Every structure is written in structure tokens, then in C-alpha cells.
Amino acid sequence: ISSTGECFNGVYAAGGEYTLKNIKVKFIGDGRSDFEGYGAAIMATGNNTRLILDNSKIKNKGIVRTGVVAAGGSNVIIKNSIIETRDGEKPPFVLPQRGGSGLGGSIGLCRATIVLGTNTRASYINSTVTGDGWGLLAADDCKDIKIAAVNCKVAHTDDIGGYGAYALG
């Protein structure tokens with residue numbers, strides 16, 4: 001899945017069990033809100049949602065162009081995969097953003113992954129998660145969530161700062 005359009009989602013899973021293998025997502029252009037998953041490569045939401053992504057590659061560049069959003073009690077499992085996000089160009093003015101983070105902060109404009117909601121789970125197994133700033137394994141506006149990274153490379157690819165794992169809520 002390739003896109004240069006803004007706010008385009010690659011996969012949106014809500015309800016049910018899904019296994020995706022060998023997919024490639026490359027988005028260039030801005031998303032809108034990682035709190036709502038607008039513009040994410042992969043978005044899963046809902047208590048009855050289980051999404052497995054295996055042997056896949058996500059390569060996004062843009063403001064709030066998140067690789068993986070797990071929300072609303074979903075269970076997301078990423079294995080043998082690569083998630084790479086890079087910041088876009090910050091505009092000279094701030095556009096109003098719906099539902100949350102908008103343009104990020106001084107340490108970057110795009111989180112690689114984020115977990116939201118209540119009882120949401122995200123597991124990264126034998127995978128690589130990189131970004132040039134802000135968050136790599138982020139959690140925000142959440143309660144009773146779980147994030148696991150097993151045998152993974154989690155790293156910033158630039159020196160502007162940011163965090164590897166962060167939880168708020």
C-alpha cells in the first residue's frame with residue numbers, strides 16, 4: 001500500500017480476528033491525529049479485535065504519520081516486522097488538529113507506535129521499531145494497557161531526542 005495523500009489509512013481493523021502477512025506500507029504525507037488513528041499505516045480498535053502482522057514492513061514519513069495504533073481494547077501482535085517512521089516538515093503555522101496530539105512537540109512530529117484506551121495490548125516480537133524523534137513505543141490516554149517488546153530493536157535514528165517507551169494515563 002503506497003500513498004502520498006494526507007490522512008489515508010492502510011489497514012483499519014475493528015472487530016474480528018485478522019492475520020496479515022508480507023504486507024508493505026509506504027506513506028509519505030501527513031496524518032491528522034494519532035489519538036484517532038487518522039493517517040496510520042495500521043489501526044486496530046475494539047475489545048473483540050485481534051490483529052497479527054507478520055513479516056511486514058511499514059515505512060512512513062510525515063507529521064503524525066504513525067506506523068501502528070492499537071486502541072479501544074484491541075490486541076495487536078507485530079512479529080518479524082519493521083516499523084520505521086520519519087518526521088515530516090513542520091509548517092510555519094499550526095493547523096488545528098482533531099482529537100489529540102496534532103503536531104507533536106520539540107522532540108519530533110511522529111510517533112512510531114501508540115497504544116490508547118482501556119485494556120489494549122500491543123506486542124512486538126522479533127521486530128524493529130525506529131523513528132527519528134518523539135515516541136517509539138508510546139501509550140497515551142489509557143488505562144490497564146500492556147506493551148511488550150521481545151527480542152526487538154527499538155531505536156531513534158536521529159539525535160533530536162524523544163523517548164523509547166512512554167506512558168501517560
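The values are calculated or read from the model by the stated rules, or taken from the named source; none is laboratory data. Computed from a predicted model, the values in this text were never measured in an experiment. As a convention, Cβ positions derive from the backbone with ideal geometry for all residues, glycine included, and neighbour counts pool all protein chains shown. Note: accessible area is taken over every heavy atom of the protein model, side chains too, but ligands, DNA and RNA are not part of it. Shrake-Rupley method; radii C 1.70, N 1.55, O 1.52, S 1.80 Å.
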query: Based on what the data block shows, is Gly37 in contact (Cβ under 8 Å) with a residue 40 or more places away in the chain, surrounded by 17 or more Cβ atoms within 10 Å (Cβ to Cβ) and not acidic (Asp, Glu)?
result: no
Here the qualifying pairs (Cβ atoms under 8 Å; residues six or more apart or on different chains; first in region 1-30 and on the phi > 0 side of the Ramachandran plot; second among the polar types (S, T, N, Q) and surrounded by 13 or more Cβ atoms within 10 Å (Cβ to Cβ)) come out as Gly15/Thr49; Gly16/Thr49; Asn22/Asn55; Asn22/Ser56; Gly29/Ser3
Listed by range, strands (runs of 3 or more DSSP E) wholly within region 1-87 having at least 3 residues that are hydrophobic (A, V, I, L, M, F, W, C) are 11-21, 24-28, 42-54, 68-71, 75-79
Being hydroxyl-bearing (Ser, Thr, Tyr) and more than 17 Å from Val115 (Cβ to Cβ) narrows Ser56, Ser33 down to just Ser56
Apart from one, (1) of a type in the set (S, T, N, Q); (2) crowded, with 24+ Cβ neighbours inside 10 Å; (3) closer than 14 Å to Lys26 by Cα all hold for Ser56; the odd one out is (2)
(1) at pLDDT 95 or above; (2) touching a Lys or Arg at 6+ places or on another chain (Cβ under 7 Å); (3) open to solvent by less than 10 Å² (accessible area, probe 1.4 Å) all hold for Gly135 apart from (1)
The residue that is most open to solvent (accessible area, probe 1.4 Å), considering only those in region 138-169 that are within 19 Å of Val76 (Cα to Cα) and either hydroxyl-bearing (Ser, Thr, Tyr) or part of a loop (DSSP other than H, G, I, E, B) (or both), is Asn151
Apart from one, (1) farther than 16 Å from Leu137 by Cβ; (2) among the small types (Gly, Ala, Ser); (3) within 13 Å of the chain's Cα centre (by Cα) all hold for Gly73; the odd one out is (3)
Checking Gly102, Gly169, Gly72 in turn, the sole residue that is closer than 28 Å to Ile23 by Cα, small (Gly, Ala, Ser) and modelled with pLDDT under 95 turns out to be Gly102
